[in-house]
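Asks: Before anything else, here's the structure in question.
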Amino acid sequence: MFQIFDMTRRDVTMTVFPAFGRVGFAWIAGSILYGIPHVLANFEPKEVLRLIATERVTIFNLVPTMAAMLLPPRHPQRATSVPSGPSYSRRQPAGKHP
């Protein structure tokens, strides 16, 4: 697996998947087997970004939803507030609008 990615001991890998699962275990075991530094972390977006920078992570694995959570929000005003819109619990029956 690591040979396919052309990894060397200069790389630093990171896993945010549980160590008891097959993906998390494979990356941890592969790092140990090839002597590659490895960072194991829970997925908290801010902490993951901090670790990538401080530990100089070069390769990590994520599912698309996790990757999207690491990107800056496309609409910053929406990221900090609850979207506004009609409240469906207060809808009036058809024909009975005030």
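Asks: Every residue in segment 1-25 that is farther than 26 Å from residue 73 by Cβ and surrounded by 15 or more Cβ atoms within 10 Å (Cβ to Cβ), please.
Replies: Those that are farther than 26 Å from residue 73 by Cβ and surrounded by 15 or more Cβ atoms within 10 Å (Cβ to Cβ): 2, 7, 11, 12, 13, 24.
Asks: Looking only at segment 26-41, filter to residues that are surrounded by 14 or more Cβ atoms within 10 Å (Cβ to Cβ) and among the hydrophobic types (A, V, I, L, M, F, W, C); which one of those is nearest to the chain's Cα centre (by Cα)?
Replies: Among those residues, the one meeting the criterion is 41.
Asks: Go through (1) modelled with pLDDT of 90 or more; (2) assigned to a helix (DSSP H, G or I); (3) touching a Ser or Thr at 6+ places or on another chain (Cβ under 8 Å) for residue 28 and report which single condition fails.
Replies: (1)
Asks: Scan segment 4-24 for residues that are β-branched (Val, Ile, Thr) and under 21 Å from residue 63 (Cβ atoms) and jot them down.
Replies: 4, 12, 13, 15, 16, 23
Asks: Moving to a separate point now. What tally of residues in segment 42-98 results from selecting those that are surrounded by 10 or more Cβ atoms within 10 Å (Cβ to Cβ) and at pLDDT 85 or above?
Replies: 23
Asks: Tally up the residues in segment 42-70 that are under 22 Å from residue 7 (Cα atoms), in a loop (DSSP other than H, G, I, E, B) and either of a type in the set (Phe, Trp, Tyr) or more than 8 Å from the chain's Cα centre (by Cα) (or both), please.
Replies: Qualifying residue count, segment 42-70: 3.
The values are calculated or read from the model by the stated rules, or taken from the named source; none is laboratory data. Keep in mind that this is a model prediction, so the values were computed, not measured. No Cβ is skipped: glycine too gets one built from the backbone with ideal geometry, and neighbour counts run over all protein chains shown.
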